[in-house]
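K.L.:
Take a look at this one; I'll ask things after.
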Amino acid sequence: MMNDRLVKDFDWLLLGIAIIIAIVGVFEIYSATSNTGWQGAYVKQLLWLTFALVFFWFFSLGDYNAVVNTSPILYMGSLALLVAILTFGIVLGGGRRWLGLPGGVTIQISELTKVVLILLVAKHFKDTLPGELKWKDLLTLGAMIGIPTLLVARQPDLSTALSFLVILVIGLFVAGLRWKYIAVFGLIVAFLIPIAWHQLEPYQQERLITFIDPEKDPRGSGYQQIQSRIAVGAGGIWGAGFSKGSQTQLMFIPVPHTDFIFSAYAEETGFIGVTSMLALYFGLLMKIVGVSLQASDNTGRHICMGTAALILFHVIVNVGMVIGYMPVTGLPLPLMSYGGSNLVTVFILLGLVNSVHMRRFTN
């Protein structure tokens with residue numbers, strides 16, 4: 001019975017697109033780290049990909065409703081770990097964002113918290129019909145997501161904290177947010193912007209200023225963005241070829257296998273490679289939205305749309321960053337950037353989406 005379900009209802013195309021993007025990412029990590037201190041990072045990424053696929057399989061075969069029901073417990077656990085990280089977390093790159101595990105393994109709890117928040121939103125709006133959204137829902141859910149947002153912002157990791165707000169906003173829209181709520185929300189945001197500016201770390205303020213005028217400090221805060229744009233432009237139509245990008249291989253792009261992996265990829269594959277990769281991301285997003293439209297309940301719909309919004313946000317911010325249309329942030333490119341926490345997080349979410357797809361006629 002289960003074998004029949006796997007063959008008939010399993011969304012192999014969803015998995016196939018995700019694996020293709022991830023494998024391309026592994027090759028790009030190999031290319032970008034050749035003859036550097038990060039040489040061999042692609043091997044770790046392959047190991048993380050193996051773990052991620054196990055999680056994908058596990059959450060695909062499980063009932064997503066059962067997972068959603070555990071979200072309050074997972075939420076409390078996430079808060080406890082986020083508080084612990086502020087005290088005992090490992091400091092890397094100026095931020096205290098990682099939890100150390102035996103064997104030298106580090107995990108970024110804020111990444112896994114994205115899964116928890118999507119599940120929490122799905123549970124909260126499980127029985128909410130369009131047009132039934134009330135102020136109580138906004139305040140309750142806003143507070144529940146606001147707490148981990150503030151904890152992550154304190155690490156400091158503003159870009160990840162903003163991704164939590166994306167989960168909140170898309171959840172409200174799927175639940176049937178009315179225009180009067182949108183207007184009030186917009187006014188609150190406008191009021192908080194100047195306050196938030198003064199709460200930013202100096203380097204975060206500098207990133208925003210540099211985004212407007214990177215030439216102001218070409219050897220300092222504007223360096224990454226300038227070199228990234230040069231790399232993208234150097235790719236031309238067909239690209240320089242695998243492991244032949246001068247900006248990447250000569251290390252003009254700092255840590256090209258993480259946040260700026262798309263710069264390295266664009267330099268090596270050119271316009272053709274960039275448009276092909278963006279088409280794969282578009283196909284992945286359309287598959288997720290398609291599953292949402294077929295979902296048999298609100299819970300499945302919220303899981304799918306939360307996943308789609310989160311991936312879209314990451315892609316827009318990361319790609320926009322490397323071509324100079326977004327400020328420099330620490331958001332990874334889903335499935336491509338080096339890092340196990342984000343890779344596992346995305347595959348867990350895709351596994352939940354696949355679970356919704358497999359149970360679209362049964363719940």
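K.L.:
Using the structure shown, select from K114/K134; K8/K44; K134/K287; K8/K287; K44/K123 the pairs with a Cα to Cα distance greater than 27 angstrom.
P.N.:
Numbers: K114/K134 24 Å; K8/K44 33 Å; K134/K287 31 Å; K8/K287 16 Å; K44/K123 35 Å.
Going by Cα-Cα distance, K8/K44; K134/K287; K44/K123 fall outside the 27 Å limit.
K.L.:
Next question, about the same structure. To the nearest 10 square angstrom, what accessible area does M144 show with a 1.4 Å probe?
P.N.:
50 Å²
K.L.:
Still on this structure, I have one more. Which of the listed residues, I85, Q45, L15, is farthest toward the dipole's positive end in the stretch 1-134, when Lys, Arg count +1 and Asp, Glu count -1 at the beta-carbon?
P.N.:
Sorting the options by dipole projection puts first I85.
K.L.:
Could you work out how far the C-alpha centroid of the stretch 1-75 sits from that of the stretch 222-249, in angstrom?
P.N.:
Here the answer is 28 Å between Cα centres.
K.L.:
Would you kindly give the portion of the calculated P(r) for the stretch 276-363 that falls above 19 Å, as a percent of all Cα pairs?
P.N.:
Values: 1595 of 3828 pairs.
Here the tail beyond 19 Å accounts for 42 percent of pairs.
K.L.:
Between S34 and R178, what is the label-to-label distance in nm when each label sits 7 Å out along the Cα-to-Cβ direction?
P.N.:
6.1 nm
The values are calculated or read from the model by the stated rules, or taken from the named source; none is laboratory data. Keep in mind the model is a prediction, meaning the values are calculated, not measured. Quick reminder, even Gly has a Cβ in these numbers, built from the backbone with ideal geometry, and neighbours come from all protein chains shown. Quick note on the areas: whole protein, heavy atoms, side chains included, nothing else; ligands and nucleic acids left out. Shrake-Rupley method; radii C 1.70, N 1.55, O 1.52, S 1.80 Å.
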